[in-house]
Structures are given as structure tokens and as C-alpha cells.
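**Student:** First the structure, then my questions, so here it is.
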Amino acid sequence: MSIPTIEPGKTRVGWIGTGVMGSSMVGHLMNVGFAATVYNRNRSKAEALLGRGARWADSPAEVARNSDVIFTIVGFPRDVREVLLGAQGALAGAARGSVLVDMTTSEPSLAVEIYEAAKAKGVHSVDAPVSGGDVGAREARLSIMLGGDKGVVEALNPLWNAMGKTIVHQGGPGAGQHTKMVNQILIASGMIGVCEALLYGYKAGLDLPTVLQSVGSGAAGSWSLSNLGPRIMNNNFDPGFFVEHFIKDMGIALEESRRMGLCLPGLALANQLYLAVQAQGMGRNGTHALHLALAKLAGVDWKNRG
């Protein structure tokens with residue numbers, strides 16, 4: 001099966017899922033000269049891209065019929081299955097030698113299933129989940145975790161380089177998704193620490209921005225503290241990544257850990273706390289909305305604090 005040569009101005013890119021992150025990511029590909037055909041369940045979320053010259057398609061299959069490399073970044077594994085393997089999914093419209101790239105955080109087993117289904121049709125498949133949130137997507141400095149055939153992954157370097165800064169081939173089909181689970185496990189417990197630390201600093205009467213200056217660059221520093229800590233202080237809980245999607249990711253990681261016979265109590269605790277965040281009506285807020293749920297447990301009216 002031939003591997004495509006990727007060239008701006010020649011390679012046609014398809015993009016399915018133009019939400020918080022996807023719209024920025026395909027925008028970067030357009031910036032470096034790739035023509036794009038896009039699809040989203042809600043067309044209004046693609047209007048800005050259409051205004052820049054992207055072509056609209058009425059289904060994932062139509063995207064694939066007009067593309068050499070087809071990217072997906074959607075919400076849940078069931079959405080991945082629908083837009084890639086459904087009757088009007090991208091694989092149904094993909095030509096032999098084209099490439100499917102799923103950048104959704106999804107199930108490793110589904111990534112393997114997609115790879116095998118694509119291979120049977122003469123189509124390449126890569127799982128390529130990302131980390132970096134909305135900021136990383138806007139600034140083209142995502143970490144991209146890649147699973148699939150090495151030759152195909154390397155052929156797509158011009159596309160990865162337009163969207164990210166840390167690009168690592170992790171192994172065969174599903175390896176990218178397993179690596180993203182490692183990422184999410186790290187974030188889950190770390191976010192608890194960020195929120196509890198800020199609550200402690202507040203109750204101790206400290207000036208939180210000043211505290212962040214001291215601790216952010218030391219051993220306690222983290223991406224979440226530096227990037228989401230200021231948002232928490234400013235009561236900005238808009239999503240860089242939705243709580244409901246994070247709960248989905250933790251569920252996948254917990255299921256995989258059970259399959260492997262692993263006990264991950266920290267992840268289990270974080271999952272329960274985030275379920276409380278969702279139960280309080282904040283499922284469509286950013287993951288740092290955990291702070292509001294923990295503040296409520298502590299009896300702190302964070303949004304109206306003096």
C-alpha cells in the first residue's frame with residue numbers, strides 16, 4: 001500500500017470536528033497552504049473556516065471523497081465510531097492510499113479496530129491524540145502522541161509540524177491513545193493539587209498571584225498551575241477542555257487499568273470528584289471548574305470572595 005507524499009498546495013486535507021480545538025488546528029494547516037474540506041454536526045462552528053476558503057461537506061464520507069488525509073477530532077468514542085466507521089463515515093468515502101487520522105482522545109481498542117478496518121480497504125490509519133488544550137491548539141504547540149505504522153506517521157510530518165511542537169511516534173495502532181491515557185492520569189490527580197493549593201492560599205490570606213510567582217517555577221510547578229491557575233483566580237471557567245470529555249477520558253483509563261489488573265486509587269478519586277462537578281451543572285465548563293466543586297465542599301464562595 002503506497003504512502004502519500006504530503007505537499008502544501010497539492011495534498012487535500014479533510015477535517016471532521018471544528019470545535020474548541022479542531023477549528024484552530026485545521027486553521028494552521030490552511031495557513032501553510034493546505035486546502036481543506038470540513039464537516040461538523042453544527043455548521044455554525046465551521047463558518048469562520050468557510051469564510052477563509054474551506055469547503056463544506058454534508059457528511060464525513062463526502063469529506064473523505066474530497067481529501068487525501070482525513071482528520072477527526074470529536075467528542076466521544078461513539079462519535080469516533082460514527083464519523084469513521086458509520087454508513088456515512090469517512091472510511092466509506094476514503095480512496096485507497098488515503099489516510100485516516102483520529103485526534104480524538106478515544107479507546108485504544110477502537111483505534112486498533114479502525115486500523116484493521118482501514119487496512120482491509122487499502123487505507124492507512126493513525127491514532128494521534130493531543131495534549132495542550134485550547135491554548136496549545138491556538139498557538140500550534142500541541143503535544144501529538146502517535147500510534148500506527150512508522151512510515152505513514154513520518155510521511156505526515158508536514159501536517160504534524162503545522163499543529164504541534166512535541167511530536168512522538170509511540171508505537172503501533174492504539175499506542176497513541178495509551179500514551180494519552182498516561183497524560184490524563186497525570187492531569188487528573190495534579191488538578192486536585194492545584195485547586196486545593198489555591199484554596200489553602202486563599203484561606204491563609206495570601207495574595208494568590210504573588211504565591212504563583214514563588215511556586216510556579218519550582219518543583220511544584222506544572223502546566224495546569226501556570227495556565228489554569230490564573231483562570232481560576234479570575235473566575236474564568238470557560239472550557240479549554242470540557243469536564244464531560246475529561247470524565248470520558250478517565251473512564252477509558254479506569255477501564256484499561258482494570259483490564260491490565262492495575263489499581264489506580266488516585267485516578268478513581270479524581271473521577272468521583274469530577275462526577276460531582278458534572279452533577280453540579282458544570283459538565284460544559286473547563287476541567288479547572290473542579291475548583292468550584294472543591295470550594296463548595298470547603299464552604300468557600302469562590303466567585304463572590306472579597
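**Student:** Considering only segment 191-203, I want to know if a residue exists there that is in contact (Cβ under 8 Å) with a residue 12 or more places away in the chain and either closer than 18 Å to GLY132 by Cβ or in contact with a strand residue (DSSP E or B) (Cβ under 7 Å, 6 or more places away or on another chain) (or both).
**Tutor:** Checked segment 191-203: at least one residue is in contact (Cβ under 8 Å) with a residue 12 or more places away in the chain and either closer than 18 Å to GLY132 by Cβ or in contact with a strand residue (DSSP E or B) (Cβ under 7 Å, 6 or more places away or on another chain) (or both).
**Student:** To continue, here is another question. Considering only segment 124-140, I want to know if a residue exists there that is basic (Lys, Arg) and surrounded by fewer than 16 Cβ atoms within 10 Å (Cβ to Cβ).
**Tutor:** No: segment 124-140 contains no residue that is basic (Lys, Arg) and surrounded by fewer than 16 Cβ atoms within 10 Å (Cβ to Cβ).
**Student:** Which residues, taken from segment 219-261, are touching a helix residue (DSSP H, G or I) at 6+ places or on another chain (Cβ under 6 Å), more than 19 Å from ASN183 (Cβ to Cβ) and aliphatic (A, V, I, L, M)?
**Tutor:** Result: ILE232, MET233.
**Student:** Out of segment 261-297, which residues are among the small types (Gly, Ala, Ser) and in contact (Cβ under 8 Å) with a residue 40 or more places away in the chain?
**Tutor:** We begin by selecting, within segment 261-297, every residue among the small types (Gly, Ala, Ser); these are 261, 266, 268, 270, 276, 279, 281, 283, 286, 289, 293, 295.
If the condition is that a residue be among the small types (Gly, Ala, Ser) and in contact (Cβ under 8 Å) with a residue 40 or more places away in the chain, then GLY266, ALA270, GLY283, GLY286, ALA289, ALA295 are the ones that fit.
**Student:** Could you tell me which residue of segment 120-135 is nearest to HIS169 (Cα to Cα), considering only residues that are in contact (Cβ under 8 Å) with a residue 60 or more places away in the chain and assigned to a helix (DSSP H, G or I)?
**Tutor:** Filtering first and then ranking leaves GLY133.
**Student:** List every residue pair whose Cβ atoms sit under 7 Å apart, with the two residues 6 or more apart in sequence or on different chains, where the first one lies in segment 5-20 and is of a type in the set (D, E, K, R) and the second, anywhere, is in a loop (DSSP other than H, G, I, E, B).
**Tutor:** ARG12/ASN66; ARG12/SER67; ARG12/ASP68
**Student:** Does SER257 satisfy the criteria of being within 21 Å of VAL20 (Cβ to Cβ), without any contact (Cβ under 8 Å) to a residue 24 or more places away in the chain and surrounded by fewer than 19 Cβ atoms within 10 Å (Cβ to Cβ)?
**Tutor:** no
**Student:** Need pairs with beta-carbon distance below 6 Å; first residue more than 24 Å from SER24 (Cα to Cα) and surrounded by fewer than 21 Cβ atoms within 10 Å (Cβ to Cβ) and within segment 94-117, second at pLDDT below 95 and not aromatic (Phe, Trp, Tyr); sequence gap 6+ or separate chains.
**Tutor:** Note: pairs meeting the criteria are GLY97/SER2.
**Student:** Take TYR115 and tell me if it is within 19 Å of PRO4 (Cβ to Cβ) and of a type in the set (Phe, Trp, Tyr).
**Tutor:** yes
**Student:** While we're looking at this one, here's another question. With the structure loaded, tell me whether LEU264 is at pLDDT 95 or above, of a type outside the set (Gly, Ala, Ser) and either under 29 Å from HIS178 (Cα atoms) or surrounded by fewer than 18 Cβ atoms within 10 Å (Cβ to Cβ) (or both) or whether it fails that test.
**Tutor:** In short, yes.
**Student:** Which is under 23 Å from PHE241 (Cα atoms) and out of contact with any Leu (no Cβ under 9 Å at 6 or more places or on another chain), of ARG41, ARG96?
**Tutor:** Within the list ARG41, ARG96, the selection yields ARG41.
The values are calculated or read from the model by the stated rules, or taken from the named source; none is laboratory data. Owing to the predicted nature of the structure, the values given are computational and were not obtained by experimental measurement. In this analysis, Cβ positions are derived from the backbone assuming ideal geometry, glycine residues included, and neighbour counts consider all displayed protein chains.
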